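Written below as structure tokens is the structure these notes are about.
The values are calculated or read from the model by the stated rules, or taken from the named source; none is laboratory data. This is a predicted model, so every value here is computed, not measured. Cβ placement follows ideal geometry from the backbone for every residue including glycine, while neighbour counts extend to all protein chains displayed. Accessible surface is based on the protein model in full, side chains and every heavy atom, while ligands, DNA and RNA are left aside. Shrake-Rupley method; radii C 1.70, N 1.55, O 1.52, S 1.80 Å.
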Amino acid sequence: MKTTDYIERSESSILHTYNRYQIVLEKGEGVYLYDVDDKKYLDFAAGIAVNALGYHHPVYTKTLQDQAARLTHISNLYYNTPMMEAGEKVLKASGMARVFFTNSGAEAIEGALKAAKKYAFRRDGHAGHSIIAMEHSFHGRTVGALSVTGNAHYREPFEPLMGGVRFAKFNDPDSVRSLVDDTVCAVILETIQGEGGIYPADQKFLEDLRSLCDEHDILLILDEIQCGMGRTGHPFAWQEYGVQPDIMTCAKALGNGIPVGAFVLGEKASSASLEPGDHGTTYGGNPLACAAVSAVFDIYEQEQIIGHVRKLAPYLEEQLEALIRDYPCIKARRGKGFMQGLVVEDHPVSAIINRALENGLLIISAGTNVLRLVPPLIIERQHIDEMIEKLRMSLDQTL
Ligand SMILES: *Cc1c(COP(=O)(O)O)cnc(C)c1O
């Protein structure tokens, strides 16, 4: 069958909610993907910051195979050992107190919001609390997560959403402060805004939010779904800032491709929020998902993945900075570690991305005019060189 036939067949059954790139991917090896015609692509998208260990990692694959043969699902009515192990590893990496495993990022956000509401309910003895979120944020597509997503285009058709959400300006402490009153139970933000266009939080902004939240007994929720799991050269991006959240959300690279997320609570939030009966999930944290999480942490440790990111990121940044000098339409670079964005002006990023695709390079966009680079964390120097070469070729052909 031809690629166009596969695409036509897919479109006749799958609800059209994505304008997909016109390729059909079949297999992966390391940092490369192959389509059904065996065309090879260098992957700097990683399934949107998911496949940190690339494709067909031997230890990861073997772990999933073994776990699938043993047990994939039992429900949360019983204990299972992969969940115990995965839980311990999340807490060791984060220094936090308790974790709840979900099936996705959006579900992790839902859980975090519920935990914050319950915390305030127990604090005040009544419901009706509000939440401060950020403009240009992205937290997911379910109704609760959408309610705190600062993009009117995503939200509008689905109004009314969850009430009591106020939007502040990212990196503007005063704009957050001006929205605080005694109804607020949480401030939620991405440590580095991803979908919105790769905007890292300022050091002072996070520090101010931490003290503002402490002053008013408000929970600070940091969404680490995209920027966490080593992508910035730290297990979680907030660790570089030294500002610990009360609740953190995690997903994407957490399972390296198995659908799994988590919300992770510090001592205060875990001891005074959700209680038995308050929250649940049928699949969340099942043995297969948790075996994946556990393997991811083990492999990170064995292969020193985070140290590798730290060591190689300056080289990536250097190469991207050189593009700013050589191409007038590339105005700026933003990001940390292996979460980088290039700001493009006067040319549609989609044209560059499509050209890159033809040249065998997968990159994606963020916001309206940002080229986003979120490669597998296992890339080596030669992959950065190959990416730059293909990106330069694509830019030369597009502009
Ligand atoms: C991807 C993402 C989500 C949503 O995760 P899903 O698994 O798609 O539900 C939430 N927050 C951030 C920062 C994300 O990047």
Can you tell me which residue in the range 153-198 is farthest from residue 122 (Cα to Cα), limited to those that are more than 16 Å from the ligand (Cβ to nearest atom) and small (Gly, Ala, Ser)?
175
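Yes/no matrix, rows are residues, columns are (1) closer than 17 Å to residue 387 by Cα; (2) hydrophobic (A, V, I, L, M, F, W, C); (3) without any contact (Cβ under 8 Å) to a residue 24 or more places away in the chain; (4) surrounded by fewer than 15 Cβ atoms within 10 Å (Cβ to Cβ):
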{"site": "317", "(1), (2), (3), (4)": "yes, no, yes, no"}
{"site": "320", "(1), (2), (3), (4)": "yes, yes, no, no"}
{"site": "327", "(1), (2), (3), (4)": "yes, no, no, no"}
{"site": "331", "(1), (2), (3), (4)": "no, no, yes, yes"}
{"site": "337", "(1), (2), (3), (4)": "yes, no, no, no"}
{"site": "340", "(1), (2), (3), (4)": "yes, no, no, no"}
{"site": "348", "(1), (2), (3), (4)": "no, no, yes, yes"}
{"site": "352", "(1), (2), (3), (4)": "yes, yes, no, no"}
{"site": "355", "(1), (2), (3), (4)": "yes, no, no, no"}
Verdict on residue 240 being among the acidic types (Asp, Glu), near the ligand (Cβ under 10 Å from one of its atoms), assigned by TED's automatic domain parsing to the domain that holds residue 108 and at negative phi:
no
Scanning for something away from the ligand (no atom under 16 Å from the Cβ) and assigned by TED's automatic domain parsing to the domain that holds residue 200, does the range 41-53 turn up at least one residue?
no
From (1) within 16 Å of the ligand (Cβ to nearest atom); (2) more than 18 Å from residue 228 (Cα to Cα), pick out the condition that doesn't hold for residue 140.
(2)
I'd like the full set of residues that are hydroxyl-bearing (Ser, Thr, Tyr) and either open to solvent by 20 Å² or more (accessible area, probe 1.4 Å) or over 18 Å from residue 277 (Cα atoms) (or both), limited to the range 64-103.
72, 75, 78, 79, 81, 94
Do the conditions hold for residue 106, that is, is it surrounded by 14 or more Cβ atoms within 10 Å (Cβ to Cβ), among the aliphatic types (A, V, I, L, M), within 11 Å of the ligand (Cβ to nearest atom) and assigned to a helix (DSSP H, G or I)?
yes
Need a quick list: helices (runs of 4 or more DSSP H) entirely within the range 27-95 having at least 2 residues that are among the hydroxyl-bearing types (Ser, Thr, Tyr).
58-70, 81-94
Do we have residue 278 as surrounded by fewer than 19 Cβ atoms within 10 Å (Cβ to Cβ) and more than 30 Å from residue 174 (Cβ to Cβ) here?
yes
What residue, among those in the range 109-137 that are away from the ligand (no atom under 11 Å from the Cβ) and hydroxyl-bearing (Ser, Thr, Tyr), is surrounded by the most Cβ atoms within 10 Å (Cβ to Cβ)?
119
Members of the range 1-15 that are of a type outside the set (Gly, Ala, Ser) and either closer than 19 Å to residue 350 by Cα or not in a loop (DSSP other than H, G, I, E, B) (or both)
3, 4, 5, 6, 7, 8, 9, 11
Which residue pairs have Cβ atoms under 7 Å apart, sit 6 or more places apart or on different chains, and have a first residue in the range 202-215 that is in contact (Cβ under 8 Å) with a residue 24 or more places away in the chain and within 22 Å of residue 335 (Cβ to Cβ) and a second that is surrounded by 19 or more Cβ atoms within 10 Å (Cβ to Cβ) and of a type outside the set (Val, Ile, Thr)?
203/241; 206/241; 209/220
Matching residues in the range 246-260 (within 13 Å of the ligand (Cβ to nearest atom) and either assigned to a helix (DSSP H, G or I) or under 12 Å from residue 94 (Cβ atoms) (or both)) number 6
